[in-house]
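The values are calculated or read from the model by the stated rules, or taken from the named source; none is laboratory data. The model shown is predicted, which means the values in this text are computed figures rather than measured ones. We place every Cβ from the backbone using ideal geometry, glycine too, and count neighbours over all the protein chains shown.
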Amino acid sequence: MKPVQLHIAQPESESPFDRFWKAWPRHSRKTSKRKCSLKWKRDKLDAIADHIIEILEALKESADWTKDNGQYIPAPLVWINQERYDCDVDDIKNEGKSDYDIKKVLEEAQRLRELQDELNGSGRDDHADGQSVGHMETDSGAGKRLAQLSKRCVR
């Protein structure tokens, strides 16, 4: 008698598109899986699937996608059609974060104002020719720095 061999089907690994679809948040706009899959294949996105999913995971934690219970999460097909995955994950993670500390900027601005006052003297002095010397010229180093700091605070 011959031993019976059982063939247990090995689970197929998920396709890159299936991983993408599974990663997409549940939402009323998560529709048209078939159309989305066709677009994915036509654009040969398997080659960059890891990047796309990394972008998607970062977006799921972004302010835009979490705001108002995810009201602004686009449909996956729209997202793919518009190639919104074509960005850097660090840009998403740093979105809304500033490259400066506002407190430090304000402290430096105050220090520069004090320096400006010190350079200008204790107030407005009049020259012999009648011109006032109350403000530092903007082409001076401290003046330029103060102008830069002011612009940074307004961003």
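Answer with yes or no whether Lys41 is touching a helix residue (DSSP H, G or I) at 6+ places or on another chain (Cβ under 8 Å) and at pLDDT 90 or above. So Lys41 fits the description; yes. Looking only at the stretch 1-27, count how many residues are in a loop (DSSP other than H, G, I, E, B), loosely packed, with under 10 Cβ neighbours inside 10 Å and modelled with pLDDT of 80 or more. Within the stretch 1-27, residues that are in a loop (DSSP other than H, G, I, E, B), loosely packed, with under 10 Cβ neighbours inside 10 Å and modelled with pLDDT of 80 or more number 2. Within the stretch 56-73, residues that are under 10 Å from Glu95 (Cβ atoms) reach partners that are of a type in the set (D, E, K, R) and in a helix (DSSP H, G or I) with beta carbons closer than 7 Å, at six or more positions or on different chains, in the pairs Ala58/Lys93. Hey, among the residues in the stretch 74-96 that are at pLDDT below 90 and among the hydrophobic types (A, V, I, L, M, F, W, C), which one's surrounded by the most Cβ atoms within 10 Å (Cβ to Cβ)? So, considering only residues that are at pLDDT below 90 and among the hydrophobic types (A, V, I, L, M, F, W, C), the one surrounded by the most Cβ atoms within 10 Å (Cβ to Cβ) is Ile92.
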